1. Of everything in region B:359-380, what is closer than 19 Å to residue B:336 by Cβ and acidic (Asp, Glu)? Give them in sequence order.
2. Do we find a residue being without any contact (Cβ under 8 Å) to a residue 24 or more places away in the chain and over 13 Å from residue B:313 (Cα atoms) anywhere in region B:133-145?
3. How many residues does region A:190-208 contain that are touching a helix residue (DSSP H, G or I) at 6+ places or on another chain (Cβ under 7 Å) and not in a helix (DSSP H, G or I)?
4. Name every residue in region A:217-255 that is among the hydroxyl-bearing types (Ser, Thr, Tyr), in a helix (DSSP H, G or I) and within 14 Å of the chain's Cα centre (by Cα), in order of residue number.
5. I'd like to know if region A:274-296 contains one or more residues that are farther than 30 Å from residue A:196 by Cβ, at the interface with chain B (Cβ under 10 Å from one of its Cβ atoms) and not small (Gly, Ala, Ser).
6. With B:77, B:127, B:149 as the choices, which residue is of a type outside the set (A, V, I, L, M), in contact (Cβ under 8 Å) with a residue 60 or more places away in the chain and touching a Pro at 6+ places or on another chain (Cβ under 7 Å)?
7. In region B:108-144, what residues are surrounded by 21 or more Cβ atoms within 10 Å (Cβ to Cβ), touching a strand residue (DSSP E or B) at 6+ places or on another chain (Cβ under 6 Å) and in a helix (DSSP H, G or I)?
8. Going through A:153, A:145, A:158 one at a time, which residue ends up being surrounded by 17 or more Cβ atoms within 10 Å (Cβ to Cβ) and either closer than 16 Å to residue B:276 by Cβ or among the polar types (S, T, N, Q) (or both)?
Amino acid sequence: MAFAAFATTEAQPQTTRRKSPIALFLLLPGILYLVLFFLTPLISLILTSLQAPSEFGDIGVYDYAFNWQNYVTVIQDYWPHILRSFGYALLATVFALLFSYPIAYFIGVKARRRPLLQSLLLVLVIAPFFISFLLRTLAWKQILSDESLIITSLKALSLLAPDAYFAGTPFAVVFGLTYNFIPFMTLPLYTTLERLDTRYLEAGSDLYANSFTVFRKVTIPLSMPGIVAGTLLTFIPAAGDYVNASRDFLGGPDTQMMGNVIEANFLVLLNYPAAAALSIILMAAILVLVGVYVKRSGTEDLL
Amino acid sequence: MSSRPLPQDPIVRALVAQARQAQLTRRGLLAGAGAGASALALAACSTGGGQARPSAAADVSDTDKTLNWANWAAYIDEDDDGNYPTLVRFTEETGIEVNYDVAVDDNNTYYGKVKDQLALGQDIGADTVCLTDWMVSRWIRLGYTQELDHGNIPNIANLAPALANPSFDEGRAHSLPWQGGFAGICWNTEKVPGGLETVEDLWNSELKGRVGVLSEMRDTMGLIMLQNGVDISSPDWGDAEFDAAIEVLDEQVANGQIRNIKGNSYLEDLKSEDTLAAICWSGDITVLNAEAGDKWQFAIPTAGGTLWNDNFLIPIGSPRKTNAETLINYYYEPEVAAEVAAWVNYITPVVGAQEAAVAIDPELAENQLIFPNEETLSNAFIFRALDGAEEQKYQTQFQQILLGS
């Protein structure tokens, strides 16, 4: 979606700008809102991230300073968690895309002639939102637990080693992330595929392309806006997610992500500067990655 | 400023008082700087500094017969209608209306919620809170509590002698125990019929990947240190002893013996049998057995278990100290304490409650996990108080294992 806006400004000729006090006035609530609820906390966060421990203070007492070493320390201490966060988020995004594309294609293209089926399937995609995401994740924890039907049957069929388990492993965390973000991938994909002009596909076959080539050269490029929007909507929250990887949900001690580190520093260790520095690193890293991605996925070969 | 009487609600009251104080400066700020700058200035005020100790609020208990009590979930006797029978009787006897608030869900998160107000000496909306020893220790160290007037608590004579002089509060000038419990080991009797005796037994290779330990540092580390032969209640141990225990934990997590480290949610893992043996809390196992079939057994390891207490304390900004003391005194009546213990299944600190409990349920009075005898207590140790630097250091080491690398 962010991408769609980006694309249209590039493609359309610049309209002449007129300064209008009314427009400015109408923008005021939005600007005030951003200043109050985005800019102020952001500045406060940056200031906190530079704090130094108070010399005679107790645990959790910090003074304002310019202690930029906080950033070095947290990167040294937590670089595995930073890499792991982006690794898991990337895996979850790829899996979500692989699962969602056929679903979205079916709903948006194949089910076009049957509006009832189409709406029903869309409701099914959205249905999980009716239940809290925490509860759904807890339910998966039960389903994947050691003595659950799934795991015991897999073991009985010798598809799984007798001492193997899912709960608390990276597999479970990536699984949880993928599951939780599939709707965010499916819906943007559906909106672009729903508008896919099938005459292009016919034209492709008329030019002797086989179905795979048509898919690769026609369908995918035409659905690129949906892919970009979906991957962004999945990747960004997945990288910052701390529920799935939490030890209380699907994770274990070796699957902790950046969100969990921030939580521990904030609530248990009362190391607010470290928590703030990590938050800023997370934000900056996502910003850079997304920027590169949007640039690379290219406005030029899209529209 | 105006002399209108302040509203009844403690939080609104504190806000009004704060607003009156801040009026002049706020005007000046708004005139000069933009909204962002003023918000920043506020943020700076609230977290910075904190060196000066806050001073206690004036007591208005004589005119204000109300009390706000913040406590943990399922931690007081409750009847089927959701009333608290002992509290109802307290109100009948003393005329003090108690607002019982299940506001504490975790020591750390509760602390995070109220610490800025405490540092400024403001009313946190609770006149008494029950928190665990180590957190109480921090509050006392930082001057966030009011000194108790033992004259208002004559029943303090019923306090169990073993709990009268903890290292964080000699003579109990600032805190009094509410309920306590043991941390020890437990196991699933169906899957581990042989049972366990020591923490060392948890590292048995047959249990690989099915062992859980608590994310509460003092309980998990305390048990491991006791196993290593360290008396955790004495002030003699330091970094070397702690490091040795951290090494044990690190090794068992790294080799996959311990799969997970959890807080309250460890009970789910016991139920789902992901965990077959664990370091756990005594009261939970009593409840779990009642809820999900008699499958679990709790034991204090032969090398010793930890004993913790949740303690009443009166936050610095509370203007109803005498009311809170009246409440504490009431719960130190043996009959009242027995009634609570019978419901919550934790250890009561009140001497005489056991005799009173015989009248309620003789079997209950025999339960070592609720009414421990001398022998049981002699094998339970209270983790010694840590100073700020130690707490930071040890928690960081412990969290490093919880977070993996």
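The values are calculated or read from the model by the stated rules, or taken from the named source; none is laboratory data. Since we're looking at a predicted model, the values are computed, not measured. Positions of Cβ are backbone-derived with ideal geometry, glycine not excepted, and every protein chain shown enters the neighbour counts.
1. The one that is closer than 19 Å to residue B:336 by Cβ and acidic (Asp, Glu): B:361.
2. Within region B:133-145, not a single residue is without any contact (Cβ under 8 Å) to a residue 24 or more places away in the chain and over 13 Å from residue B:313 (Cα atoms).
3. Number of matching residues: 1.
4. Passing the criteria: A:231, A:234.
5. No, there is no match, as no residue in region A:274-296 is farther than 30 Å from residue A:196 by Cβ, at the interface with chain B (Cβ under 10 Å from one of its Cβ atoms) and not small (Gly, Ala, Ser).
6. Among B:77, B:127, B:149, only B:77 is of a type outside the set (A, V, I, L, M), in contact (Cβ under 8 Å) with a residue 60 or more places away in the chain and touching a Pro at 6+ places or on another chain (Cβ under 7 Å).
7. Passing the criteria: B:133, B:136, B:139.
8. Among A:153, A:145, A:158, only A:145 is surrounded by 17 or more Cβ atoms within 10 Å (Cβ to Cβ) and either closer than 16 Å to residue B:276 by Cβ or among the polar types (S, T, N, Q) (or both).
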